[in-house]
Amino acid sequence: MRFLADIPDSDVEWLDSLAAGQGVSRAELVRRAVAAYRADASGDAIDNAFGIWRERADIGDGLKYQRRLRGKRE
């Protein structure tokens, strides 16, 4: 679906620069932004991220991993 939206010139320039850097169209960036906003607003982003590191073999036990990281900072 197409729609018309008023966006400040400075935002359009920023979108164009970002689009060129990523090799995508301005429209694609807007689609991605809407999808990200929708996931965030609906809480899906949290649900989608849950367990994302489950298959990582380099982490092992999550608590031990956290303690190892914190030990390096302290």
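Consider segment 57-74 and keep the residues that are of a type in the set (Lys, Arg) and loosely packed, with under 10 Cβ neighbours inside 10 Å. The one that is farthest from residue 6 (Cα to Cα) is 72.
A single entry from 20, 57, 5 fulfils the requirement of being out of contact with any Leu (no Cβ under 8 Å at 6 or more places or on another chain) and part of a helix (DSSP H, G or I): 20. Yes or no: segment 11-24 includes at least one residue that is at pLDDT 95 or above and open to solvent by 100 Å² or more (accessible area, probe 1.4 Å). Yes; the residues of segment 11-24 include at least one that is at pLDDT 95 or above and open to solvent by 100 Å² or more (accessible area, probe 1.4 Å).
The C-beta contact set for segment 6-18 (first residue without any contact (Cβ under 8 Å) to a residue 40 or more places away in the chain, second residue open to solvent by 80 Å² or more (accessible area, probe 1.4 Å), distance under 7 angstrom, 6+ apart or interchain) comprises 15/26; 16/26. Scanning segment 33-43 for residues that are assigned to a helix (DSSP H, G or I) and either more than 15 Å from residue 5 (Cβ to Cβ) or modelled with pLDDT of 95 or more (or both) turns up 35, 36, 38, 39, 40, 41, 42.
The values are calculated or read from the model by the stated rules, or taken from the named source; none is laboratory data. This is a predicted model, so every value here is computed, not measured. Using ideal geometry, Cβ is built from the backbone for each residue, glycine included, and neighbour counts are taken over all protein chains shown. Heavy atoms of the whole protein, side chains included, go into the accessibility calculation; ligands, DNA and RNA do not. Shrake-Rupley method; radii C 1.70, N 1.55, O 1.52, S 1.80 Å.
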